[in-house]
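In what follows, a single structure is set out as structure tokens and then discussed.
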Amino acid sequence: MKTTTDMTKRQIVKELRALMPHRAMTLGESYTLAERQANLALQIAGQSQPDVNLGWILELPKVEVQLSPRFKMDGLSGFTTFSHGRYVVMVNKNDSHARRRFTLAHEFKHLLDYTAAPVIHRHLGRLDPARQAQQIENLCNHFAACLLMPRMWLKRAWAGGVQDVTALAGLFNVSEEAMERRLKFLGFIDDEPGRPLRTYFRREPDALGAAA
């Protein structure tokens, strides 16, 4: 007999897609939405502490996750397609365990956006297709980071005295590189030590890019 939680998990894609507006979004809005989706996914999956178990993605209806050797991946860590009525998520089997986890989380965001992407991402990149594609990839990376290293969980671990990148990476089952990027993004560690004060108030070439 299926529990309410099991049934809710099977509806997780619908629940997360329901958070999307039916219009083009700014990059800033997209980042905010990605974090909301990640937090809701964890709530529905009943997870409240590291490390995140991504097994529920493998059990979703109409979703098939496959591992493929590096030589068949054309240099990619993963990609998502829709074929014969189901989503097929390909993950590079020769990547490290931590990288495969991050890739699966990243590709899950592509899956969530699959049908709505032409609308919600329409204004990204400012009419530059290459820039738009890169912003979408960065957005999926952000979703994966939020899913695997939730802001509040990191804050709790940091306040509890776990303030070493290696230790945190082990606790959250992610790579040290991913953990370091996440800590810098959230401001736990300085991403530009020694930067002159005046440069923090100078307009940069792509200033406010995350809010465009």
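FYI, it's all coordinate maths here, none of it is from the lab. The structure presented is a predicted model; accordingly, all values stated were derived computationally and were not measured. All Cβ positions, glycine included, derive from the backbone under ideal geometry; neighbour counts span all protein chains shown.
Build a GNM of the chain with springs between Cα atoms under 10 Å apart, and of His97, His84, His110 the one that fluctuates most is His84. From the cross-link list Lys62/Lys155; Lys93/Lys184; Lys109/Lys184; Lys72/Lys155, which pairs have alpha carbons spaced over 31 Å apart? Lys62/Lys155; Lys72/Lys155, as the Cα separations exceed 31 Å there.
Two decimals, Cα atoms only, Kirkwood Rh: what is Rg/Rh over the stretch 59-164?
Dividing the radius of gyration by the Kirkwood radius yields 1.03.
Short-range pairs are left out: with C-alpha atoms under 8 Å and at least six residues apart, the relative contact order of the chain is 25 percent. Spatial offset of the stretch 142-199 relative to the stretch 91-140 amounts to 21 Å, using the alpha carbon center of each.
Counted over the stretch 151-190 with a bin width of 10 Å, the fraction of Cα pairs per bin, in whole percents, is 34, 65, 2. Suppose R0 equals 25 Å. What FRET efficiency, 1/(1 + (r/R0)^6) with r the Cβ-Cβ distance, do Gln163 and Asn53 give to the nearest 0.05? Between Gln163 and Asn53 the formula returns 0.50.
Normalised by 2.2 N^0.38 Å, where N is the number of residues, the alpha-carbon radius of gyration of the chain equals 1.07. Taking Glu180, Glu59, Glu192 as the candidate residues, the one with maximal mean-square fluctuation in a Gaussian network model of the chain, Cα springs under 10 Å, is Glu192.
Computed over the stretch 19-100, relative contact order equals 21 percent, with contacts defined as Cα pairs under 8 Å that lie 6+ residues apart.
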